[in-house]
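A short write-up of the structure that comes next.
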Amino acid sequence: MLDIVGNVLSFSFYEGLVFGLVAIGVYLTLRVLAFPDLTVDGSYTLGGATTAVLIVNGVHPFPATLAAIGVGLCAGLVTGLLNTKLRLPALLAGILMMVGLYSINLRVMGGANVSLLRQVTAFDKVAEVLGLSHGSIVVSITVALAIAAVVFFILNWFLRTEIGLALRATGDNEQMVRSLGVDTDKNVLMGCAIANGLVGLAGAVVAQGQGFADVGMGIGMIVMGLASVIIGEALFRPRGMARLLLAAIGGAFCYRLFITIALRLGMAPGDLKLITAVLVVIALAVPFIRKKLRHEWIPPAVRW
Amino acid sequence: MSQNKSLLQLRGIAKIFSKGTIDEVTALDNIKLDVNAEDYITIIGSNGAGKTTLLNVIGGVFPPERGGKVIISGNDITGFSEYKHATYVGRVYQDPHIGTAAKMTVEENLAMAVLRGQPRGLRPATNKQRRELFRSALAPLSLGLEDRLNAQVGTLSSGQRQAVALVMATISKPALLLLDEHTANLDPRTAQLVLDLTEVIVQREKMTTIMVTHNMELALRYGNRLIMMHEGKIVVDLNQKQRAGLTIDDLIAAFEQASGRRFIEDNILLRR
Ligand SMILES: Nc1ncnc2c1ncn2[C@@H]1O[C@H](COP(=O)(O)OP(=O)(O)O)[C@@H](O)[C@H]1O
Ligand SMILES: [Mg+2]
């Protein structure tokens, strides 16, 4: 019994760290930039596909993983350009990118999937260095923790710099930011690029962890990221940059934990989407009910 | 007024909205204006006279129609994006929500403002020295905001927010300050406080200022030059000497003479 609990917890911890990258990406676009970016489903797969293809073609897994960040950045940049230069609504720009990237991902992989069986992945490299057996959960957690920690420290620093502050302000009051001399279009591009770079990185890690990249691996990633952000906000009610970032990761952990438990309890994988939807509704209802109980005024819902 | 002293030169400024449709409006009609350094101009005019549109052209929200020119401190910035105009122009809007970012703290808002016209880099956005600067800029407001640097701006009252917006517009000492009915939405006491603070900052920094107001009394009390707008044109332009000793009734008479219209008090916002 304890064994099972330990397994479930450590596996969810690993997944929470990896999908925490997606959650941070969604947090950056949706919350920081107020830009509902649906590119995520496509850029996640793009990251996984790119890294898998590079590894199969003999590239060292570390640069192959970094390449996933690069392609994710580019995908986000295009979404941002569609929005700022062609003035497409953010939602439409993201949907078009998601659809377009599906075909691109098929081209990148030259098929529906790429197997990494018998390939040396970043996990194997780290296992070698640590002298641990391949496929051990300790290795998975070490890799995921290292990546998440680096991302956390860089973002926590960057978002407090002069450029980072202007980025955050853009999502809060774009008109004000422009009237203070900042090119807000550039900030939208930068935010979308960083977010999708992180999402691409998550795809690359997951592909190596599961041993394959698949054209369908990114489906529902945006909803999962959204669920993580919202659960994190409902549970931890974070204030301040560092806590907001940690809440996204914490939300991803809780989300994966719920899902893993649901599966263990014998729910069919097909039911997971419904569970996700219900979780998001519950997480959104918590602050609503809390305010209702305190008789606070609640603004009407936004409708973008 | 000698040409070369002008801080702001507007030449042939026109603005037509919804061109070619039945809704076509000529909001600005061939405006020529020279603003000298350290001028403090008050602008009055009926609702829809084009006052806000004029400030929007100066602030670069949209360019004037072809042929118009906006020159600030000798630089022709016609058609430049709004964020480039911001190097020279600080603005306070009628609505305090436009001038401040609600979800950010007072300190973060000011940290955004203090870098107007400077390149932003990877230095921390706030530091001890800047915090001191913010405190000393907020202290004269006597609103206690200097001790609330970490308060979210959204939790402040409208008056406090507008005071912060005013400090934000001026803290980097832009060449030109534009105020668009910036006290119209405030209760009388806070409005007076913000007006007093405006006066203090404008005098202390010798800031060139254009203040739009719908209150004739304010227009006469503040500034050294008074402009009246009507249907997109400047119809009255009084310098300090011409303005001295004028009453509100004199202004109404001047308006009626220049515009060829009776002054109707209700449906125009030129309140006494
Ligand atoms: N963005 C816009 N689109 C269409 N018409 C506008 C716009 N802004 C202002 N107008 C019109 O231009 C005229 C001048 O408006 P405005 O400059 O706001 O007047 P004021 O500030 O003097 O009250 C009005 O008729 C107004 O309806
Ligand atoms: Mg107006």
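The values are calculated or read from the model by the stated rules, or taken from the named source; none is laboratory data. If you're wondering where the values come from, they're calculated on a predicted model, not measured in any experiment. We place every Cβ from the backbone using ideal geometry, glycine too, and count neighbours over all the protein chains shown. With ligands, DNA and RNA removed, areas are computed over all heavy atoms of the protein, side chains included. Shrake-Rupley method; radii C 1.70, N 1.55, O 1.52, S 1.80 Å.
Here the relative contact order of chain A, from alpha carbon pairs under 8 Å that lie six or more residues apart, stands at 34 percent.
With q set to 0.13, 0.14, 0.17 Å⁻¹, the log10 of I(q)/I(0) for chain B, from the Debye formula over equal scatterers at the Cα positions, is -0.88, -1.02, -1.41.
Taken one residue at a time, the phi angles of the stretch A:53-62 give Karplus couplings (6.51, -1.76, 1.60, θ = phi - 60°) of 5, 4, 5, 4, 8, x, 6, 4, x, 5 Hz. Gly and Pro are set to x. For the stretch B:8-269, the antiparallel share of DSSP beta bridges with both residues in that region comes to about 50%.
I'd like the antiparallel share, as a percent to the nearest 5, of DSSP beta bridges with both residues in the protein assembly as shown. Don't skip to the end; give the middle numbers.
Numbers: 24 of 43 bridges.
Roughly 55 percent of the DSSP beta bridges within the protein assembly as shown come out antiparallel.
Scattering from the stretch A:42-98 was approximated by placing one identical point on each alpha carbon and applying the Debye formula without solvent; log10 I(q)/I(0) at 0.19, 0.28, 0.31 1/Å stands at -0.64, -0.98, -1.11. Accessible area ranking (1.4 Å probe, heavy atoms, ligands and nucleic acids excluded), largest first, for A:His60, A:His134: A:His134, A:His60. Karplus-based coupling profile of the stretch A:121-135, in residue order and whole Hz: 9, 4, 4, 4, 4, 5, 4, 4, 4, 7, x, 9, 6, 4, x, with θ = phi - 60° in 6.51 cos²θ - 1.76 cosθ + 1.60 and x standing for Gly or Pro.
Quick one: angle between helix B:128-138 and the longest Cα principal axis of chain B, in degrees between 0 and 90, rounded to 10, please. Roughly 40 degrees, rounded to the nearest 10.
Could you size up the charge dipole of chain A around its Cα centre, putting +1 on the beta carbon of Lys and Arg and -1 on that of Asp and Glu, and report it in debye to the nearest 20? Provide the component values of the computation, followed by the final result.
On the way: 21 positive and 15 negative charges, 146 e Å.
It comes to approximately 700 debye.
Suppose every Lys and Arg Cβ carries +1 and every Asp and Glu Cβ carries -1, with no other charges. What dipole size does the stretch A:1-111 come out with about its Cα centre, to the nearest 20 debye?
Values: 4 positive and 4 negative charges, 93 e Å.
For the stretch A:1-111, the charge dipole is close to 440 debye.
The Cα-based radius of gyration and maximum Cα-Cα distance (Dmax) for the stretch B:62-188 are 15.6, 49 Å. With semi-axes defined as the square roots of five times the eigenvalues of the C-alpha gyration tensor, the equivalent ellipsoid of the stretch A:2-218 measures 32, 20, 14 Å, largest first.
Residues whose amide H falls under 5 Å from that of B:Val235, counting only those 5 or more places apart or on a different chain, are B:Met228, B:Met229, B:His230, with hydrogens built in the peptide plane. Cross-link pairs exceeding 20 Å between alpha carbons, from the set A:Lys186/B:Lys84; B:Lys128/B:Lys206; B:Lys15/B:Lys173; B:Lys15/B:Lys241: B:Lys128/B:Lys206; B:Lys15/B:Lys173; B:Lys15/B:Lys241.
Averaged over its residues, how many other protein chain Cβ atoms are within 10 Å of peptide A:169-175's Cβ atoms?
Numbers: counts 8, 1, 2, 10, 11, 1, 8.
For peptide A:169-175, the averaged partner shielding equals 6.
A simple rule links phi to the HN-Hα coupling: the Karplus curve 6.51 cos²θ - 1.76 cosθ + 1.60 with θ = phi - 60°, which for the stretch A:105-111 gives 4, 4, 5, 4, 8, x, x Hz, with x for Gly and Pro.
Under 5 Å from the amide H of B:Thr78 lie the amide H atoms of B:Val70, each residue being 5 or more positions distant or on a separate chain, with H modelled from the backbone and absent for Pro and chain starts. Using all pairs of distinct alpha-carbon atoms, the Kirkwood hydrodynamic radius of the stretch A:243-295 works out to 12.5 angstrom. For B:Gln242, neighbours were defined as the other residues whose beta-carbon sits under 12 Å from its Cβ, and their charges (Lys and Arg +1, Asp and Glu -1) total +1. When the Cα atoms of the protein assembly as shown are aligned to their principal axes, the ranges along those axes come out at 92, 49, 45 Å in descending order.
Lysines near A:Lys291 by alpha-carbon distance under 22 Å, same-chain residues fewer than 8 away left out - which ones? Once the sequence-local lysines are set aside, what remains near A:Lys291 is B:Lys103. Averaged over the residues of B:125-132, the number of partner chain Cβ atoms lying within 10 Å of the residue Cβ comes to 2.
Within the full protein context, the accessible area of A:Phe153 is estimated at about 140 Å² for a probe radius of 1.4 Å. Calculation over all alpha carbon pairs of the stretch B:92-138 in 5 angstrom steps from 0 returns a P(r) of 5, 19, 27, 26, 17, 6, 1 percent. Taking trypsin sites (Lys or Arg not before Pro) across the stretch A:41-122, the ones in a DSSP loop with at most 11 further Cβ atoms lying within 10 angstrom of their Cβ are A:Lys85, A:Arg87, A:Arg118. Where a ≥ b ≥ c are the square roots of the eigenvalues of the C-alpha gyration tensor, would you call the stretch A:165-304 rounded, which needs a/c under 1.5, or, failing that, prolate if a/b is larger than b/c, or oblate? Taking the square roots of the gyration eigenvalues as a ≥ b ≥ c, the stretch A:165-304 is oblate. Amide H contacts for B:Met211 (H built 1.01 Å from N in the peptide plane; partners 5 or more residues away or on another chain; cut-off under 5 Å): B:Ile41, B:Thr42, B:Ile43, B:Leu179. Loop-located trypsin sites (Lys or Arg not before Pro) in the stretch B:1-56 (DSSP state not H, G, I, E or B) with no more than 11 neighbouring Cβ atoms inside 10 Å: B:Lys19. Computed over chain B, relative contact order equals 25 percent, with contacts defined as Cα pairs under 8 Å that lie 6+ residues apart.
Can you list which of the trypsin sites (Lys or Arg not before Pro) found in the stretch A:222-304 are DSSP loop residues with at most 12 other C-beta atoms within 10 Å? List each step's numbers first, then the result.
Numbers: sites: A:Arg239, A:Arg243, A:Arg256, A:Arg264, A:Lys273, A:Arg290, A:Lys291, A:Lys292, A:Arg294, A:Arg303; in loops: A:Arg239, A:Arg294, A:Arg303.
Listed in order of number, the matching sites are A:Arg239, A:Arg294, A:Arg303.
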